[in-house]
1. Hey, can you grab everything whose amide H is under 5 Å from the amide H of A:ALA179? Only 5+ residues off in sequence or another chain; H modelled, so Pro and N-termini drop out.
2. May I ask you to compute the full-extension gain from A:ASN55 to A:LYS148, defined as 0.36 nm times their residue separation minus their alpha-carbon distance, rounded to one decimal in nm?
3. Between the stretch A:24-50 and the stretch A:83-128, how far is it from one alpha carbon centroid to the other, in angstrom?
4. Taking every eigenvalue of the Cα gyration tensor of the protein assembly as shown, multiplying by 5 and rooting it, what semi-axes result, largest first, whole Å?
5. So which GluC sites (Glu not before Pro) in the stretch A:221-263 are both in a DSSP loop and have at most 14 other Cβ atoms within 10 Å of their Cβ?
6. Using the Karplus equation 6.51 cos²θ - 1.76 cosθ + 1.60 (θ = phi - 60°), what ³J(HN,Hα) coupling, rounded to whole Hz, does each residue of the stretch A:152-165 give in order, writing x for Gly and Pro?
7. Taking R0 as 51 Å, what's the FRET efficiency between A:SER139 and B:ALA30 from their Cβ-Cβ distance, rounded to 0.05?
8. Got a sec to turn the phi values of the stretch A:63-75 into Karplus ³J(HN,Hα) couplings, 6.51 cos²θ - 1.76 cosθ + 1.60 with θ = phi - 60°, whole Hz, x for Gly and Pro?
Amino acid sequence: MVKFGIEFVPMDLYWRTTFYTIQAEKAGFDYVWITDHFNNRNVYVTLTCIALHTNRIKMGPGVTNPYLVNPVMTAQSVASISEIAPNRVTLGIGAGDKTTLSLLGVEIKSPLTAIRESVEIIRSLITTGKAKYSGKIFSVQKAKFNFKPKGKIPVYIGAQGPKMLELAAKIGDGILINASHPKDIGDAFQYIKSGAEKANRKLEEIDVAAYTSFSIHEKEKKAIKAATPVVAFIVSGSPEPVLEKHEISIEDAMAIKKALEAGNWGEAFSKVTPEMIDAFSISGTPETCIERINELIKLGVSQFVVGSPIGPNVREAIDLISKEIIPHFKE
Amino acid sequence: MEAVKKINMEKRKNLMTSLIDILLRSGSAAKLPSATANLILHYWQHDKLTSDEGFQKLLEAAYTIEPEQTIELLNNAGLSEVVEELKK
């Protein structure tokens, strides 16, 4: 049975993010993923508050990166939260957001090696409390926690490109695919299957999550309006092959990018087309959303993550998902 | 607040969503003391926002950040007695 996750960006006050997470837990969501960007509230502080105010939902950064936070500190953070919520903590790790990291002068170097080494260091620390490692990017002379990590902490890898998807299938307990459209998820599965085969793993061992941009409302127009700013940013950051796959003109995407860079939000959002909304989000009425989720499940997705913006009104959107979406797939 | 105890459960349930929306939509939410916010999270987690204590905290929180909206909501619900107690 498909699992449901929800993503929150801790831009908002800690108690609002926690309030929505409690609501999501009551609504039947299985996972909450908190984004990790230096300019928002700290992901582990947010997760700690969530851990203290929830009983069942699983939680983790979705996703952190090894460039800004050393893997040893990431292991320490998740292991500490796992003491509060044993067997409910997960770790999402990926190469990081180029735009945000570039603001700090941090370069994403050798992402495949960085992720593989990080996962090895983190796994060692969260299972044994110790690590000794000599890699190409990371070295750990002699790390030992003064506490015993509690519970199992599955490691999910955020992946989009072919090589990262393969690596994720080789070493991840789960994969967070940053995509909403069946074309992208379908393509991702080719690489995931290949990676799993090379590592002699069964696909069923890996929790494959579609980490989508999602917007739901009883009125389609309202759902689409809420998704438009998010889609504008996705389009502006998408590589050309991805745009071509969805038959979106490079010129149109560049026009949105230029408008966003100039801070002309209205102009940027007005250039977002229905095709772009369809390619980069799941937006619409409950019926539309059910149809789109079904397509992804048929491809093999085992976790569906409701990502930003969720809906024009987050509380109402979670209510709607709990009444119309989750029961459809779980009952 | 004694007046809160006189509000029946049906009315509390009806008002709860409106009060929550005041907290979630307000542009002045940062005014809410973290101690009050933490208590509200505790009552919400344990389904006790309509209990005497939980409902009182919810009212106080909404009144702290959006006094006019909260007063209007309560007056429309015929709860002027609660409004007077909140103003004290």
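Quick note: the coordinates plus some simple rules give every number you see, no bench work behind them. No experiment lies behind these values; they were computed from the predicted model shown. Positions of Cβ are generated from backbone atoms using ideal geometry, with glycine treated the same way; all protein chains shown enter the neighbour counts.
1. Residues meeting the amide H criterion: A:TYR211.
2. Values: separation 93, 0.36 × 93 = 33.48 nm, distance 2.18 nm.
Gain on extension, A:ASN55 to A:LYS148, equals 31.3 nm.
3. One Cα centre to the other: 16 Å.
4. Working through the eigenvalues yields semi-axes of 38, 27, 20 Å.
5. Values: sites: A:GLU244, A:GLU247, A:GLU251, A:GLU261; in loops: A:GLU247.
Of the GluC sites (Glu not before Pro), the ones in loops of the stretch A:221-263 whose Cβ has at most 14 other Cβ atoms within 10 Å are A:GLU247.
6. Rounded to whole hertz, the list is 8, 10, x, 9, 9, 10, x, 9, 9, x, x, 5, 5, 5.
7. Numbers: r = 43 Å, r/R0 = 0.83.
Given R0 = 51 Å and the Cβ-Cβ separation, E is 0.75.
8. In residue order, the calculated couplings are 10, 8, 9, x, 7, 8, 10, 4, x, 5, 5, 5, 4 Hz.
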